[in-house]
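Undergrad: Okay, here's the structure, questions in a sec.
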Number of protein chains: 2
Amino acid sequence: MLVDVELAKSYRLLNHGPTVLVSSAAEGRQNVMAAAWAMPLDFDPPKVLVVIDKSTYSRELIEASGEFILNVPCRAQAAQVVQVGSESGRGADKFAASGLEPLPARIVAAPRVAGCIGYLECRVVPEPHNQQRYDLFIGEVVAAQADDAVFRAGHWHFEDADPARRSLHYIAGGHFFATGEAFSVA
Amino acid sequence: MLVDVELAKSYRLLNHGPTVLVSSAAEGRQNVMAAAWAMPLDFDPPKVLVVIDKSTYSRELIEASGEFILNVPCRAQAAQVVQVGSESGRGADKFAASGLEPLPARIVAAPRVAGCIGYLECRVVPEPHNQQRYDLFIGEVVAAQADDAVFRAGHWHFEDADPARRSLHYIAGGHFFATGEAFSVA
């Protein structure tokens, strides 16, 4: 079941470095792409960073709408993550092509991607120099949700869940790591 | 054995989102801190991002020297990662306190941290607005090395190595994930 995540703890959805899906919408169009280069930037108000190349269709939609969602996909979705990370959404509906399903989000107009384990709805903090020079976008997190089968009370709990619901860490060429064993040090 | 990593493939040391140790030196002083918020920014020339809080001693050394190293620690070093992520190096030698050993790096004056599995030697790309407003630093990678027991020919190979040599993904409160199972999709 999808539950709200306290904004001040929303960074924990990204702190361990998972690969994300970036979803966006503008003027009746929508898209989804994969991004390994996303991370938290600040706790409160929570902010995130994501690199969105100038060549992408998502870039157009994000610049037009000022919004995006970072969706945290799981191992069950790995093939779709590679697919939407390889093809362009320009002239093709990547949701339809990949089988990923767009669903309404809480606050932003961009759709969230069904079946993901975490969601960070973001509004762009305009930084034109970073966007132009480095393809780097800053988003303020305005809503966060997670699947309580794997994230509860501010912590991931993969240990007692289906391994197919673990988050992913992309490397290159279709190769991933699943998020591995949890452990603690005093 | 430590081997050079082709600069164009150095992003792969960070692409899966591991927690890093940031080492720095200036005017005969040196320090090491943990950072979960580091990632690649560009392939060629390779650049990285890292968030370095204004309150840290490392921030002083990095601003003074214009250099830092992102060291990729392994599970065997987890307790030390937490220690150097919790204490300040101001007035205390965190290398001595933690038992982490500073060793000479290839190009920059900052020391690398012995026993890590990857190293990205970086020169700061000055962006005063990002540094002041977001504590965000951009580094150009000028040298990269990795332990060939776990990284060979541009790829991590944790599957046939000691589990204590796997990279780490920090969450909060001393809790980590180890890098998990490798898998591929077509």
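Undergrad: Can you tell me which of A:Val81, A:Val22, A:Val150 moves the most in a GNM of chain A? Springs connect C-alpha atoms under 10 Å apart.
TA: A:Val150
Undergrad: Also, I was wondering about something else. On full extension of the chain, what length is gained from B:Ala64 through B:Ala92, given 0.36 nm per residue of separation minus the C-alpha to C-alpha distance?
TA: Result for the pair: 8.2 nm of gain on full extension.
Undergrad: Output needed for segment A:2-178: three equivalent-ellipsoid semi-axes, defined as square roots of 5 times the C-alpha gyration tensor eigenvalues, in descending order, whole Å.
TA: For segment A:2-178, the ellipsoid semi-axes come out as 22, 19, 15 Å.
Undergrad: I would also like to ask the following. Which loop trypsin sites (Lys or Arg not before Pro) in segment B:1-40, with loop taken from DSSP, have no more than 10 other Cβ atoms within 10 angstrom of their Cβ?
TA: none
Undergrad: Can you give the accessible area of A:Asp44 in Å² (nearest 10), computed on protein heavy atoms with a 1.4 Å probe?
TA: 120
Undergrad: Relative contact order of segment B:2-178, please, whole-number percent, based on alpha carbon pairs below 8 angstrom and at least 6 residues apart.
TA: With pairs under 8 Å counted, the relative contact order is 28 percent.
Undergrad: Go through segment A:1-21 and flag every residue whose accessible area shrinks by 40 Å² or more with all protein chains in place compared to the isolated chain (probe 1.4 Å).
TA: Those are A:Asn15, A:His16, which lose 40 Å² or more relative to the chain on its own.
Undergrad: Can you list the distances in nanometres, one decimal and ascending, from the B:Ala161 label point to the identical position in each other copy, with the point 7 Å along Cα to Cβ?
TA: Nearest to farthest, the other copies are at 2.8 nm.
Undergrad: Let me ask another. Pull up the cross-link candidates among the lysines for A:Lys94, meaning alpha carbon to alpha carbon under 26 Å and not fewer than 8 places away within one chain.
TA: Output for A:Lys94: A:Lys54.
Undergrad: Once the label point is set 7 Å along the Cα-to-beta-carbon vector, what list of distances in nm do you get between B:Gly99 and its counterparts in the other copies?
TA: Label-point distances to the other copies, shortest first: 4.9 nm.
Undergrad: Suppose every Lys and Arg Cβ carries +1 and every Asp and Glu Cβ carries -1, with no other charges. What dipole size does chain A come out with about its Cα centre, to the nearest 20 debye?
TA: It comes to approximately 240 debye.
Undergrad: Here is a further query. Loop sites only, by DSSP: take the GluC sites (Glu not before Pro) in chain B that have at most 15 other C-beta atoms within 10 Å and name the longest stretch containing none of them.
TA: In short, B:88-158.
Undergrad: Go through segment A:47-81 and name the trypsin sites (Lys or Arg not before Pro) that are in a DSSP coil and have 15 or fewer other Cβ atoms within 10 Å of their Cβ.
TA: Sites meeting the loop and neighbour criteria: A:Lys54.
Undergrad: How much FRET efficiency would the formula 1/(1 + (r/R0)^6) give for B:Ala114 and A:Asp44, where r is the Cβ-Cβ distance and R0 is 51 Å, rounded to 0.05?
TA: 0.90
Undergrad: List the aspartates and glutamates whose Cα sits under 19 Å from the Cα of B:Lys47, skipping any in the same chain fewer than 8 residues away.
TA: By straight Cα distance, B:Lys47 reaches A:Asp53, A:Glu127, A:Asp135, B:Asp4, B:Glu6, B:Glu63, B:Glu67, B:Glu121, B:Glu127, B:Asp135, B:Glu140.
Undergrad: Which residue in chain B puts its Cβ closest to the axis that rotates chain B onto chain A, and at what distance in whole Å?
TA: Reported as residue, whole Å: B:Gly17, 1.
Undergrad: Next question, about the same structure. Comparing B:Pro40, B:Pro163, B:Pro73, which has the greatest mean-square fluctuation in the GNM of chain B with Cα pairs linked when under 10 Å apart?
TA: B:Pro163
Undergrad: Here's a follow-up. Roughly how many percent of the accessible protein surface of chain A is carbon and sulfur, given a 1.4 Å probe and a whole-percent answer?
TA: 52
Undergrad: Only helical DSSP H runs with n ≥ 4 go in: add -39500 (n - 2.57) per run for chain B, normalise by residue count and round the 222 nm mean residue ellipticity to 500 deg cm²/dmol.
TA: -4000 deg cm²/dmol
Undergrad: With a 1.4 Å probe, what is the total accessible area buried between chains A and B, in Å² rounded to the nearest 100?
TA: 4300
Undergrad: In segment B:143-175, which trypsin sites (Lys or Arg not before Pro) fall in coil by DSSP and have 12 or fewer other Cβ atoms within 10 Å?
TA: When the trypsin sites (Lys or Arg not before Pro) of segment B:143-175 are filtered for loop state and at most 12 Cβ neighbours within 10 Å, nothing remains.
Undergrad: Placing a label point 7 Å from Cα toward Cβ, how far apart in nm is B:His129 from its equivalents in the other copies, listed shortest first to one decimal?
TA: So the label point of B:His129 gives 0.5 nm to the other copies.
Undergrad: Can you work out the accessible area per residue across the protein assembly as shown, with the rest of the protein chains kept in place, probe 1.4 Å, in square angstrom?
TA: Per residue, the protein assembly as shown has an accessible area of 37 Å².
The values are calculated or read from the model by the stated rules, or taken from the named source; none is laboratory data. What you see is a predicted model; the values in this text were computed from it and never measured. Glycine gets a Cβ as well: all are built from the backbone with ideal geometry, and neighbour counts include every protein chain shown. In case anyone asks, the SASA skips ligands and DNA or RNA and just uses the protein heavy atoms, side chains included. Shrake-Rupley method; radii C 1.70, N 1.55, O 1.52, S 1.80 Å.
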